[in-house]
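Throughout, read-outs are computed from the coordinates displayed, never taken from laboratory work. The structure presented is a predicted model; accordingly, all values stated were derived computationally and were not measured. Cβ coordinates were reconstructed from backbone atoms using ideal geometry, including for glycine residues, and neighbour counts include every protein chain displayed.
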Amino acid sequence: MHILGVSAYYHDSAACLIRDGHIVAAAQEERFTRKKFDARFPAHAIRYCLQEGGVSLRDVNYFVFYDKPLIKFERLLETYVAFSPKGVKSFLAAMPVWLKEKLLMKSVLQNELVSLDGAKKSDLPPLLFGEHHESHAASAFYPSPFQTAVILCMDGVGEWATTSAWVGDGNTLTPLWEIHFPHSVGLLYSAFTYYTGFKVNSGEYKVMGLAPYGKPKYVQAIYDHLIDLKQDGTFRLKIDYFNYCTGLTMTNGMFDELFGGPPRKPESLLTQRDMDLARSIQEVTEEVMLRLARTLHRETGAENLCLAGGVALNCVGNGRILREAPYKGLWIQPSAGDAGGAVGAALTAWHKLENQPRNVAGSTDSMNGSFLGPSYTNDEIQQFLKQKDAPYTRLSDEALFDRLADELASGKVIGWFQGRMEFGPRALGARSILGDARNPKMQSVMNLKIKYRESFRPFAPSVLRERVADYFDLNADSPYMLLVAPVVESRRTPLTKEQQSLWGIDLLNVPKSDIPAATHVDYSARVQTVHEDTNPRYYRLLKTFEAKTGCGVLVNTSFNVRNEPIVCSPEDAYRCFMRTAIDILVLENCLLYKDGQKPLEGDTNWQQEFELD
Ligand SMILES: [Fe+2]
């Protein structure tokens, strides 16, 4: 039985194909269209999933959309009515799209499917609509390695729920409770994302990365004015300070007054106040996450916790749950945002509608390391390189890993393209840019000459699973880079008195440990553990590097420039390599040096190609 799950029309569209309950393929539309967070119908992603599965639409038994547009519409209407006559402007802005497209979702989807495949409407599989938070919960529990667990979903908003709790047992998911719009920890975080001058729905990472530079100066003001947080972690927002119910922005004049001025203009200089705001909202969010996690443990006695929803991408909060909440196991859906809803929707049809059992395989999950996207053979790559007339050498595995380990140790930056592309926002060693974490210059080189992005943001370390505890205060699997942990004391370099008075970029450039390129200013790191079974080639590269240098860590950042979706094809990778200061490109076994490549013709305005994120 084939089931196709789809999430679309809000943010980061995606498709997923499952066969007899096994995830065959999953991908985000942005990777194919090269438009970041593309929210359109994921025609390319669907076509890829079908091709990977070797099936056509006629072979698909169910097509499942990840939420219910009608309930979303009801929320929108009720919200406008409740706040009427405020919000007329945003009501008028939103309505045409809703009336024309979203309410007619069924026929919109059917038409899209027909034009995708040339099938007749009568040939199409039955169309089902899941529920937004159930899709999140399903994406967190069904692929997890647990037979039983409690599931916590936190996001901005879907239909009505913004936070929900579930109990998972075998193939059943039972709802416990939910918190409804407009009370939302995701929207609260997004309000601060907006206020500190970043883009809502994508800049939340930047706020989290900025937080360690700040002081928690505004925590009390947030509790006093913005959120009524109960002991058990449930909460209500004081909606007077926000504008998202009726307006076209996140915050309003009362919010500005509370924090002493208007929002920061995007791309303008970051000030200490922005950092203090980031730190403060980060602390409040961690407190909400921790209290909810503890309450669920107290109320259900569950040994395992699963997380999904956009807030579960807050890996600092996840790290605190791991260390401070009393669970034996923690599993987080790698595609925790709405793209992952496609996986959850498909799995819900299989386990709930078809009542099929789950096969829980001990300690491993069923996401295949999140390597669920397209791959390319050496032959396909060589064909592409010949057509580009790009000089390259094809090496055996052994020669390749040996050469790359030497090049990394000598300070070279490598574009690394191997196997199936990752599903979800993180690069995990299939489409990654790699560097030597011990190199004190690596962080600024990668930020400024390769990613062309804000220099305050740290890079993530990839570490051999068996060596994670040598470097970090963590002894758990973190294959999806969703846990932040401190660098162990013994590796830290204490700051001098003079250094302690620095801030911002100056502080960033002071080496803080023996892996400075992957250590944030508060000695934390967003850790990825690399496992031999799910990530064998990346594991081997790390092993070879370790044998030569004694260091079991590399810096891993996604293979893209700022604002660009992560590369998908060899062509995307080659283009990104040529546009940046990446020294070496590795496409499977084909090795390319920057020296010797002809510059791309007529590619001078590429920085305008991508919208600011
Ligand atoms: Fe969501």
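Brief remarks follow.
- Shape category assigned to the stretch 464-613 from the gyration tensor of Cα positions, a/c cut at 1.5: oblate
- Listed residues Q528, T549, S513: farthest to the positive end of the dipole of the stretch 507-559 (Cβ charges): T549
- Considering helices alone, the calculated mean residue ellipticity of the chain at 222 nm is -9500 deg cm²/dmol, with DSSP H runs of length four and up weighted by -39500 (n - 2.57) and normalised per residue.
- Farthest toward the positive end of the dipole of the chain, out of A345, A14, P145, is the Cα of A14, where the dipole comes from beta carbon charges about the Cα centre.
- Integer Hz, Karplus 6.51/-1.76/1.60 couplings in order for the stretch 16-30, x for Gly and Pro: 8, 10, 10, 10, 6, x, 9, 6, 8, 7, 7, 7, 8, 4, 4
- Out-of-range pairs (alpha-carbon distance over 26 Å; input K451/K594; K68/K121; K206/K451; K36/K412): K36/K412
- Cα-centred dipole magnitude for the chain, charges only on beta-carbon of K, R (+1) and D, E (-1), debye, nearest 20: 740 debye
- Alpha-carbon centroid distance for the pair the stretch 197-244 / the stretch 398-424, whole angstrom: 39 Å
- The alpha carbon convex hull volume per residue for the stretch 149-195 rounds to 72 Å³.
- Three-way shape call for the chain based on the alpha-carbon gyration tensor, with the a/c threshold at 1.5: rounded
- Label-point separation in nm, K328 to K386, each point 7 Å along Cα→Cβ: 5.6 nm
- The Rg/Rh ratio of the stretch 219-278, with Rg taken over Cα atoms and Rh as the Kirkwood radius over Cα pairs, comes to 1.00.
- Short-range pairs are left out: with C-alpha atoms under 8 Å and at least six residues apart, the relative contact order of the chain is 16 percent.
- Cut-off of 10 Å, at most 12 other beta carbons, DSSP loop: longest stretch of the chain lacking such trypsin sites (Lys or Arg not before Pro): 329-613
- Percentage of interatomic Cα-Cα distances in the stretch 1-57 larger than 20 Å: 19 percent
- Inverting the pair-averaged 1/r between distinct Cα atoms of the stretch 532-613 gives 14.9 Å as its Kirkwood hydrodynamic radius.
- Share of pairwise Cα separations in the stretch 348-493, more than 25 Å, in percent: 47 percent
- Plainly put, the stretch 269-382 has a radius of gyration that is 1.08 times its Kirkwood radius, both from alpha-carbon atoms, as the Rg/Rh ratio.
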